[in-house]
Amino acid sequence: MPATTPPLPHPPSSTRTAVLAAAADALLILLFAAIGRDAHQRGEIITGVLATAWPFLAGAAVAWLALRLWRAPLALWPAGVAVWLGTVAVGMLLRALTGQTVVLPFVIVALLSLAVFLLGYRLLAAAARRFRARRTRG
């Protein structure tokens, strides 16, 4: 009787894609926080960026876990929209609960900036996949 190995829950390439997408989301949220702190000329570069970013990072993690976004992490819908809106909604809620500033102009800037970051790279990835598929077909 030949030895068999149990099937992997996800192919390695899809697991790798999910890890890279989650890392990209986290890095872009950190970039958002760093740009915001720089624009307002705030000191404490590393600790300040982390203090600004943690509510948004938590929001992204909630979205990833609640909706199991690792199943299609580069999909614009639902993954991209879910991580974008979850990042902003949970992030703003946590900021409010911890006494950090939550004002309408900041909410709007966060919505727009994080849409460009979190949806933008997913749009670019989709375009690259379509381009590759066309090249291989013809």
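The values are calculated or read from the model by the stated rules, or taken from the named source; none is laboratory data. No experiment lies behind these values; they were computed from the predicted model shown. Note: ideal-geometry Cβ built from the backbone for every residue, glycine included; neighbour counts use all protein chains shown. Ligands, DNA and RNA are excluded from the accessible area calculation, which covers all protein heavy atoms including side chains. Shrake-Rupley method; radii C 1.70, N 1.55, O 1.52, S 1.80 Å.
Computed extension gain for Ala126 through Ile35, at 0.36 nm per residue and net of the alpha carbon distance, reaches 30.1 nm. Note on Arg37: accessible area is roughly 30 Å² with a 1.4 Å probe, heavy atoms of protein only.
Counting only heavy atoms of the protein chains and using a 1.4 Å probe, Trp54 has close to 110 Å² of accessible surface. Within the assembled protein chains, the solvent-accessible surface assigned to Ile108 is about 80 Å², based on a 1.4 Å probe. Taking the helices alone, the chain has a mean residue ellipticity at 222 nm of -24000 deg cm²/dmol, built from -39,500 (n - 2.57) per DSSP H run of at least 4 residues and averaged over all its residues. Quick one: if the Förster radius is 35 Å, what FRET efficiency do Leu112 and Thr15 give, using the C-beta to C-beta distance and rounding to 0.05? Step by step, r from the Cβ atoms, then E = 0.65. Against the set (i) 21.4, 88; (ii) 15.2, 55; (iii) 17.9, 68, the structure's computed Rg and Dmax of the Cα atoms in Å falls on (iii). Other residues whose C-beta falls under 11 angstrom from the C-beta of Gly59 contribute a net charge of 0, scoring Lys and Arg +1 and Asp and Glu -1.
Over the chain, what is the relative contact order in percent, taking alpha-carbon pairs closer than 8 angstrom and at least six residues apart? In percent, rounded to a whole number, it is 24.
First select every other residue whose beta carbon is under 15 angstrom from the beta carbon of Ala79; then total the charges, Lys and Arg +1, Asp and Glu -1. Taking every Cβ under 15 Å from that of Ala79, the sum is +3.
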